Structures are given as C-alpha cells and as structure tokens.
1. Might you let me know whether region 85-101 holds any residue that is within 27 Å of residue 45 (Cα to Cα) and either in contact with a strand residue (DSSP E or B) (Cβ under 9 Å, 6 or more places away or on another chain) or at pLDDT below 95 (or both)?
2. Within region 121-163, which residues are surrounded by fewer than 18 Cβ atoms within 10 Å (Cβ to Cβ), in contact (Cβ under 8 Å) with a residue 24 or more places away in the chain and within 13 Å of residue 80 (Cβ to Cβ)?
3. Could you look through region 111-120, keep only residues that are surrounded by fewer than 18 Cβ atoms within 10 Å (Cβ to Cβ) and touching a residue at least 12 places away in the same chain (Cβ under 8 Å), and pick out the one that is farthest from residue 73 (Cα to Cα)?
4. Hey, residue 34 hits all of (1) within 16 Å of residue 152 (Cβ to Cβ); (2) modelled with pLDDT of 55 or more; (3) loosely packed, with under 13 Cβ neighbours inside 10 Å but one; which does it fall short on?
5. Identify the residue in region 82-94 that is more than 14 Å from residue 56 (Cα to Cα) and assigned to a helix (DSSP H, G or I) and, among all such residues, is nearest to the chain's Cα centre (by Cα).
6. Only one residue in 51, 68 is at pLDDT 95 or above, closer than 17 Å to residue 119 by Cβ and under 16 Å from the mean Cα position of the chain (by Cα), so which one is that?
7. Taking the conditions exactly as written (within 24 Å of residue 70 (Cα to Cα) and out of contact with any strand residue (DSSP E or B) (no Cβ under 9 Å at 6 or more places or on another chain)), does residue 110 satisfy them or not?
8. Which of (1) part of a helix (DSSP H, G or I); (2) at pLDDT 95 or above; (3) crowded, with 17+ Cβ neighbours inside 10 Å is the odd one out, the single condition residue 73 does not satisfy?
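The values are calculated or read from the model by the stated rules, or taken from the named source; none is laboratory data. Keep in mind that what you see is a predicted model, and the values were worked out from it rather than measured. All Cβ positions, even for glycine, are placed from backbone atoms using ideal geometry, and neighbour counts span all protein chains on display.
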C-alpha cells in the first residue's frame, strides 16, 4: 500500500518515523541530571554542542565519506554516489549540523530535508542501509568520544537509515 501524502510531500509513514525520532531525542535530551550532567545531552546542550560544534560535525561527515570511499565493505554504496564527493560532503555536513541541534544550514539553503523523498530516485536496499550504517558507525566511533551520546546517535541514525529503504533488492 503506497504511503498517503499527509502534508507538503511528507507521507504518513514519514510522520511516524519523525515522531519516533522526536520521542527518542526527547528521551535522550531530557534525562534526569547525572552526577556529572555536563557530559550528557540536555535541552540546553545539544549533541552538536556536546560533540564540540562545527569542527567535529564536519569531521564526522568527512570521515563517513572517507570510509565509504576506501572500505571494500561499502563498495556498492560508494558506486551509487556522484563523484567527486566534495558537494555531497558539504551537504551532509550541513544536514548533520541541523540534525544534531546546531545551525540549520541545510534548511537555510535547500528547505526541509525531506530525506525519503530526496532518496527515492536511488535504490536504497537493506544491504545499502547496512553499508551506510557500517560507515557511519565507524565514523561515530572515531569522532564521538562520549559513549552515551555515540550510542544514542547510532540508534537514531539507524532508524533514519532504515526509513530510507525504498527497495528490497
């Protein structure tokens, strides 16, 4: 059954995944203060801030694409990306900036991300999702030093990556 359009090209399925992600992020950010609350996400400290802002966010985007371009486990994923990767690296950094709670750079330039819609022209299979997560998990392991934050980001990005699947094979 095709997704019904809810509003502005966003499907009802998109709304469910957005709601799930919002609940997860609220759970992650609204934790009770721990002994050292300064290292945990709170409504006043976003993942973007906890990671260190622009430089680590840009490093995460760049490491993701470095891994994709060099690791044989991601060869199929790399093959569907336009070369050179300079433009897509910048767009991914801009998306991550806003998604992590920093400046909304992507939305300012391109409008709402509408990720599923933007990925529809490309065959996103479970295998490609797994390759994407392989690269992202390796990049997160290198860039995000706080274990709780890293685990939360892996979970949220895993849900997002699964939502992008538009073909079974």
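1. yes
2. Those that are surrounded by fewer than 18 Cβ atoms within 10 Å (Cβ to Cβ), in contact (Cβ under 8 Å) with a residue 24 or more places away in the chain and within 13 Å of residue 80 (Cβ to Cβ): 122, 123, 125, 127.
3. 112
4. (2)
5. Among those residues, the one meeting the criterion is 91.
6. Answer to the check: 68.
7. no
8. Unmet condition: (3).
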